[in-house]
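First the structure, in the form of structure tokens, and then the observations on it.
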Amino acid sequence: MLQINSVTKQFGGIKAVDDLSFRVKKGSIHSIIGPNGAGKTTLVNMITGVYKVDSGTIFLDGADITNISTDKLVYRGICRTFQNLEICENLTVLENVLLGFDKYMDKSLLKSCFRSKSIQADEARHKQRALHLLELIGLEKLANLKAENLSYGILKKLEIVRALGTSPELILLDEPVAGLNPKETQEVSNLIKTVVADEVTIILVEHDMKMVMQISDYITVMNFGKKLAQGTPEEIANNEDVIRAYLGSGVVC
Amino acid sequence: MIEFFGFLLSGVTVGFVYALVGIGFTVIYNSSGIINFSQGEFVMAGGMSTVFLLKAGLPLGVSFILAILITSMIGIVLYKLIAFSKNSSQISLIILTLGFAIFLRGLAEVVFDKELHTMPSFVGDGAFDMFGTVLTYQSILIMIVSIVIVVALYLFFKKTKTGQAMMAASINVDAAKLMGINIKKILMINFALSAAIASIGGVLLTPITSTNYEVGIMLGLKGFAAAIIGGLGSPFGAVAGGLVLGILESLIAGYVSSEYKDAVAFVALLAILFFMPGGIFGNTKAQRV
Amino acid sequence: MFKRYNINRDILTLSAILIIVPFFFQNDFYYEIAIVSLLNSLICIGLNMLMGYAGQVSLGHGAFAGLGGYIAVILSSNYGITPIFGIFIAVVTMSIFAFIVSKPILRLKGHYLAMATLGVGIIISIVLNVEDELTGGSDGMSVDSFTVFGYEFSSSLQWYVLCAILLVFTIWMFTNLINSPFGRVLRSIEGSEKAANSVGINVSHYKSIVFVLSVVIATIAGSLYAFFSGFISPSEASFSHSIELVVMVVLGGLGRIYGAVIGAVILTILPQLLTSFEDYQTLIYGAIIIFVMIFMPKGIASVYEDVRGRLFASNK
Amino acid sequence: MFKKIGLSVLTFLFVSSFMLLNAGTIKIGAIVSATGPASFLGDPELKTLQHYVKKINDDGGVNGQKLKLIAYDTGASPKKAVTFVKRLINQDKVVAIIGPSTTGETMAIIKFVQRAKIPLISMAGAVVIINPVKKYVFKMVATDRMACQRIMQDLKKRKLTNLALISGSGGFGKSMRKQCKDVAPSYGVKIVADETYGKKDTDMTTQLLKIKNNKKVQAVLNPGFGQGPAIVTKNYRQLKIKQPLYESHGVASKKFIEIAGKAANGVRLVAPPVVVADKLSDSNPVKKVALAYKNEYEKTFHTQVASFGGHAYDSLYAIVAAIKAQKSTDPKKIRDGIENLKNFQGIDGVVNMSPTDHLGLDTKTGMVLLDIKNGDWSIVK
């Protein structure tokens, strides 16, 4: 489905991502792991058009999507979450989810100013769908609370649910369980599994090995911007290079 | 050609004044990330205080020093207000410093007056003839003082313990706290220092251009433009920015139109913001998502 | 029907106040202050949309209002175009201008954005000062009377009614806009541009739209002010006027629909009350700004909302 | 609720602060720029008005009624002048208005006094104010055109035919620049350089440098008032420009000499006669009034008299004379009274108004030519 062909990104003299290629199969959960500074987030930022690719190409279902901006990619079916929480704290929980449906909404200026019937009906319909999504994470009761009042763990889930609103075919989750306790981690992990049930492809960037091993179909390991290894969880667990890289860098996750 | 050098020279003097204001901006910005819109009023406070202390019969040197102390105190008051407001939103802080600027202007109207004032030059009215124009002793004094201040700042931040502590605080507040650095005290010193530098500029400028209660508005804005043009955060950048601005202004006034002189600073500012957001000497930091 | 068109309690209260207040007016001077308050409120509503809802500072709105006013006035006074058409052309011109300017400017953030808008504003005000053949320079120019299809606005009451209707209408539209998906997009930009971007919102596009919208409102209010006062000078476009507008919005309460109105009314009346303190006018003005920023950083309207929130919490 | 209460409180404040009830007084409005860049003008004007209104009241008022002066300070801003003129007309209900101090402000408010039919005596210099004649607008101050003519006369006499102009960009500078360019050819004077500077500029070196490098220039004239000319004069001396420097009547004040300092020495300027009242010849019809005013002003305020205070004196007494003559305080009658002033002995000269001449000033008594020597005025013989 997604095809990354030898992409490279430099910052100053340092190659954050160096000639990296891999494929993501439709409907799979594809994890990208690696020590800190391996270039994982940079890769996500390149796929989602936040950073311009220095060289290489990215294809989605055979169409070139290299350097297309994040907001346009949403219309191609790619959506993402962030390593550092990006939730609109000035909006309510429900409004945050509704934001996910933004691409389906009529935002014509005149109609908005004059409160046209169609816009109101539209809004009501999407509210139902948003509430439905909130039920998935058990937040329907908190729908009208300002997001700033919620805990970090809940907001992390909210971000994933928001992404679902865009009806993506591919979601990139950048460390969805970073900073969560084991219980919350399990919840998010379950959430991701239910998402997969809906046949959405997932690219997961994560440090939590237990979770990665548990839910991934396929894993790509990065180190210093390069691909170190790839394969199924079992293959990776037994890969000597990977073990060395992790031990060598002193980071054991 | 001689004309050109003449314009250049008159630009340099003004440029150094912008530089002094710009350095003041830089000192506060570096330590607190705050853009202080009352920086220009510090310049006014320095000049006006000196004039009135002189009128009260104090000798020049004493008036000068007292004026700097007064302005530093004003700087500390501003810091206390900011600290007290516990308000981190950038818009609020901008408005707060703008409000403080208006307050200072109002205070100057009441404490002093709305008249134009001047005072004798520190070094006499003499001047060197150069390139068909003149370089007054006072201009030379401004240049020397500006350079001394920049060098002193550099030595202070690089060589002294307090200075290094201040640098550390500006780079990482939390780490500095852990190291036992008193952030509040450091911020306060920075505000006082910044006000002092601006007031020195104000005092030195008064014999050349005269001063009144609202002289700070334009000077403040142009000083800020200088700081941004040079790359916000670097004192050397502020000096370079100030000089570029002063010279550009003078050349535009000389060759194009003296009426559009004041626009130069802002056109340059926009150009820098749009095309080189890091300024001439700054470097753009990659933003992390 | 009220519900369908979202005519809520706040709008009705405002209309009632606007109808009652003139009975207290003793002479034209009261109308004068009231009309200026209404027009300032209008600009502030647009500015509030930009600053309070979309989170983009502008220290140049005075200049935009002034330039818009000048365009309308020059067209009608020097080229004999009817005022209403003059305002229309001014709105179109300023929209295009604002759109072009918004693209590079709104890429900037925080105080860089503040400085850039300030820079554009000051350049506008310098141009208005210098091009005296067209604008009358720093002494300003006098403005012909305001006529709409032959109907002349000459009495203060006529102006008051016009401005009051315009204000209520704008607030109504603005409330609808803010509560629509469009408004949610704006607020999400203030909350997190990255989040907005990640769900498919073209952030820069929306920023431009709000910017243009706020400039359009400023242009209309600025032109009306020029026609009403019969005089326009570059001080309308000055840095201090821009600051004044921002202070009105912040004082009233950023992101609060009626905050802008409250702020504009207070800060229009205040200087008139302060003339008796003549020498202390600026001092008091500055002190009030400092006081509000320290003790009510969310503006006067927030105090009201807190109180109302407590009173009506059970109803909701 | 809060909004309602807030607004009604404000309305109340508003109403109560304007409760001015004054029966049986004659309200005269004044708009002066007592502060700001034109405080040179406005400050002595305001002082004069306040002092002489009190004096007139102490002497029993006008036709048995007391005068009440309502004065506003504009800080030389035309916008404020417009606000204040409306306030004077609508709120304070004055019967006549004196001021504003500057041309720009005057031009801005003319429309409003014309519409409200309230007589206005401007204290500003430009000829455009009364030419063409406007029914309710007068002025008794020598015009910039007269000042230009006096300077050109002198240039012609000294055979300095190539003149450089460096003018302020405000209304006064702009108008005088235009008038001087207008009258120059008839005196055989050529304008060879034409520079301007802004109201609040603090450095005119660049403009002066251009003049200095222009080899044709034989003399320089600086129309303008306020801080500008003082800075021009200072820069002029710093650049060691040798040609004679002429200034306008906009600087005929001790404040100018104070700010410009030693640089002022050698400047030649035109000025209303009051500045040198004591040095005038006894045959000068102005001398008696001017000297009395000068002495009283200097005794009361302990500062040297500035010409501008005299404008205020003349305007005030012209209105008083009109009220006395018409035995009415109706604005329209006052207007008629001012228009019919004949042989009015003012400080700035002898005034004879007529429906076609709202200046009425006699050219011969209107302007004197002065040199600044050792920080003091001296009459050019």
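Looking across region D:227-273, just one residue is open to solvent by 10 Å² or more (accessible area, probe 1.4 Å), among the charged types (D, E, K, R), farther than 23 Å from residue B:135 by Cα and at pLDDT 85 or above, and that is D:268. Any chance region D:276-290 includes a residue that's surrounded by 23 or more Cβ atoms within 10 Å (Cβ to Cβ) and either of a type in the set (Lys, Arg) or part of a loop (DSSP other than H, G, I, E, B) (or both)? Yes, some residue in region D:276-290 is surrounded by 23 or more Cβ atoms within 10 Å (Cβ to Cβ) and either of a type in the set (Lys, Arg) or part of a loop (DSSP other than H, G, I, E, B) (or both).
Answer with yes or no whether residue A:90 is assigned to a loop (DSSP other than H, G, I, E, B) and open to solvent by 40 Å² or more (accessible area, probe 1.4 Å). Answer is yes for this residue. Given the structure, is residue A:21 open to solvent by 10 Å² or more (accessible area, probe 1.4 Å) and assigned to a strand (DSSP E or B)? Yes: the conditions hold for residue A:21.
Just need a number here: residues in region D:103-125 that are touching a strand residue (DSSP E or B) at 6+ places or on another chain (Cβ under 9 Å) and either in a strand (DSSP E or B) or at the interface with chain C (Cβ under 10 Å from one of its Cβ atoms) (or both). Before you say what the answer is, go through the steps one by one.
Residues of region D:103-125 touching a strand residue (DSSP E or B) at 6+ places or on another chain (Cβ under 9 Å): D:103, D:105-114, D:118-125.
This time we only want the ones that are either in a strand (DSSP E or B) or at the interface with chain C (Cβ under 10 Å from one of its Cβ atoms) (or both), so: D:103, D:105-112, D:120-122.
Looking only at that region, the number is 12.
Of all residues in region A:76-96, how many are of a type outside the set (A, V, I, L, M) and over 19 Å from residue A:45 (Cβ atoms)? Working first, answer last.
Filtering region A:76-96 down to residues of a type outside the set (A, V, I, L, M) leaves A:76-77, A:79-84, A:86, A:88-90, A:92, A:95-96.
Checking the rest, the ones that are also over 19 Å from residue A:45 (Cβ atoms) come to A:88-90, A:92, A:95-96.
Residues that pass the stated criteria total 6.
When residue C:91 is tested against (1) among the β-branched types (Val, Ile, Thr); (2) at pLDDT 90 or above; (3) not in a helix (DSSP H, G or I), exactly one condition is not met: (3).
Open to solvent by 30 Å² or more (accessible area, probe 1.4 Å) and not in a loop (DSSP other than H, G, I, E, B) - does that describe any residue in region A:27-46? No - not one qualifying residue is present in region A:27-46. Tell me yes or no: at least one residue of region A:38-52 is more than 21 Å from residue A:204 (Cα to Cα) and of a type in the set (Val, Ile, Thr). The answer is no; no qualifying residue exists. Within region D:140-155, the only residue that satisfies the criterion of being of a type in the set (Val, Ile, Thr) and touching a Phe, Trp or Tyr at 6+ places or on another chain (Cβ under 8 Å) is D:151.
Only one residue in A:158, A:173, A:180 is closer than 24 Å to residue A:88 by Cβ and open to solvent by 10 Å² or more (accessible area, probe 1.4 Å), so which one is that?
Being closer than 24 Å to residue A:88 by Cβ and open to solvent by 10 Å² or more (accessible area, probe 1.4 Å) holds for just one of A:158, A:173, A:180, which is A:180.
Considering region C:225-276, and only residues there that are touching a strand residue (DSSP E or B) at 6+ places or on another chain (Cβ under 8 Å) and among the β-branched types (Val, Ile, Thr), the residue that is least open to solvent (accessible area, probe 1.4 Å) turns out to be C:232. On inspection, residue C:224 passes the criterion of being away from chain D (no Cβ under 11 Å), at pLDDT 90 or above and within 26 Å of residue C:14 (Cβ to Cβ). Of the residues making up region B:146-157, one or more are within 26 Å of residue B:241 (Cα to Cα), open to solvent by 50 Å² or more (accessible area, probe 1.4 Å) and touching a Pro at 6+ places or on another chain (Cβ under 9 Å).
Residue-wise test of (1) out of contact with any Leu (no Cβ under 6 Å at 6 or more places or on another chain); (2) assigned by TED's automatic domain parsing to the domain that holds residue A:226; (3) under 24 Å from residue A:226 (Cα atoms); (4) not charged (D, E, K, R).
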residue: A:14; (1), (2), (3), (4): yes, yes, yes, yes
residue: A:25; (1), (2), (3), (4): yes, yes, yes, no
residue: A:31; (1), (2), (3), (4): no, yes, yes, yes
residue: A:40; (1), (2), (3), (4): yes, yes, yes, no
residue: A:50; (1), (2), (3), (4): yes, yes, yes, yes
residue: A:55; (1), (2), (3), (4): yes, yes, yes, yes
residue: A:63; (1), (2), (3), (4): yes, yes, no, yes
residue: A:101; (1), (2), (3), (4): yes, no, no, yes
residue: A:128; (1), (2), (3), (4): yes, no, no, yes
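Tallying residues that are over 18 Å from residue B:143 (Cβ atoms) and over 12 Å from the mean Cα position of the chain (by Cα) within region B:193-225 yields 6. Within region C:73-82, identify whether any single residue is within 14 Å of chain D (Cβ to nearest Cβ), in contact (Cβ under 8 Å) with a residue 60 or more places away in the chain and surrounded by 23 or more Cβ atoms within 10 Å (Cβ to Cβ), and answer yes or no. Yes; the residues of region C:73-82 include at least one that is within 14 Å of chain D (Cβ to nearest Cβ), in contact (Cβ under 8 Å) with a residue 60 or more places away in the chain and surrounded by 23 or more Cβ atoms within 10 Å (Cβ to Cβ).
Considering every residue within region D:151-167, establish whether at least one is of a type in the set (A, V, I, L, M, F, W, C), in a loop (DSSP other than H, G, I, E, B), away from chain B (no Cβ under 14 Å) and farther than 20 Å from residue B:256 by Cβ.
Filtering region D:151-167 down to residues of a type in the set (A, V, I, L, M, F, W, C) leaves D:151-152, D:155, D:160, D:163-166.
Then keep just the ones that are in a loop (DSSP other than H, G, I, E, B); that gives D:160.
If we keep only those that are away from chain B (no Cβ under 14 Å) too, we end up with D:160.
Next, only the ones that are farther than 20 Å from residue B:256 by Cβ stay: D:160.
Checked region D:151-167: at least one residue is of a type in the set (A, V, I, L, M, F, W, C), in a loop (DSSP other than H, G, I, E, B), away from chain B (no Cβ under 14 Å) and farther than 20 Å from residue B:256 by Cβ.
The set of residues from region A:67-84 being more than 7 Å from chain C (Cβ to nearest Cβ) and more than 17 Å from residue C:194 (Cβ to Cβ) comprises A:67, A:76, A:77.
Considered as a group, the residues in region C:103-113 that are surrounded by fewer than 23 Cβ atoms within 10 Å (Cβ to Cβ) and assigned to a helix (DSSP H, G or I) include one that is modelled with the lowest pLDDT, and that residue is C:110.
Just to check your reading of the model, which residue among B:192, B:227 is small (Gly, Ala, Ser), in contact with a helix residue (DSSP H, G or I) (Cβ under 8 Å, 6 or more places away or on another chain), under 19 Å from residue B:150 (Cα atoms) and surrounded by fewer than 24 Cβ atoms within 10 Å (Cβ to Cβ)? The conditions single out B:192.
Any idea which of D:166, D:109, D:118, D:151 is in contact (Cβ under 8 Å) with a residue 24 or more places away in the chain, open to solvent by less than 10 Å² (accessible area, probe 1.4 Å) and either in contact with a Lys or Arg (Cβ under 6 Å, 6 or more places away or on another chain) or closer than 20 Å to residue D:83 by Cα (or both)?
On inspection, the qualifying residue turns out to be D:109.
Scanning region B:98-124 for residues that are facing chain C (nearest Cβ under 9 Å), without any contact (Cβ under 8 Å) to a residue 24 or more places away in the chain and either open to solvent by 10 Å² or more (accessible area, probe 1.4 Å) or assigned to a loop (DSSP other than H, G, I, E, B) (or both) yields B:102, B:103, B:107, B:110. Scanning region C:94-121 for residues that are within 18 Å of the chain's Cα centre (by Cα) and of a type outside the set (Phe, Trp, Tyr) yields C:94, C:95, C:98, C:102, C:114, C:117, C:118, C:120, C:121. Taken over region C:191-224, the criterion of being surrounded by fewer than 24 Cβ atoms within 10 Å (Cβ to Cβ) and over 30 Å from residue A:68 (Cα atoms) is satisfied by C:216 alone.
Is it the case, given these coordinates, that residue B:18 is modelled with pLDDT of 85 or more, assigned to a helix (DSSP H, G or I), over 28 Å from residue B:127 (Cβ atoms) and under 15 Å from the mean Cα position of the chain (by Cα)? In short, no. Residues in region B:1-23 that are open to solvent by less than 20 Å² (accessible area, probe 1.4 Å) and farther than 25 Å from residue B:228 by Cβ: B:6 only.
The values are calculated or read from the model by the stated rules, or taken from the named source; none is laboratory data. Here the structure is a predicted model, which is why all the values come from computation and not from measurement. FYI the Cβ positions are ideal-geometry reconstructions off the backbone, even for glycines, and counts take in every protein chain you see. Note: accessible area is taken over every heavy atom of the protein model, side chains too, but ligands, DNA and RNA are not part of it. Shrake-Rupley method; radii C 1.70, N 1.55, O 1.52, S 1.80 Å.
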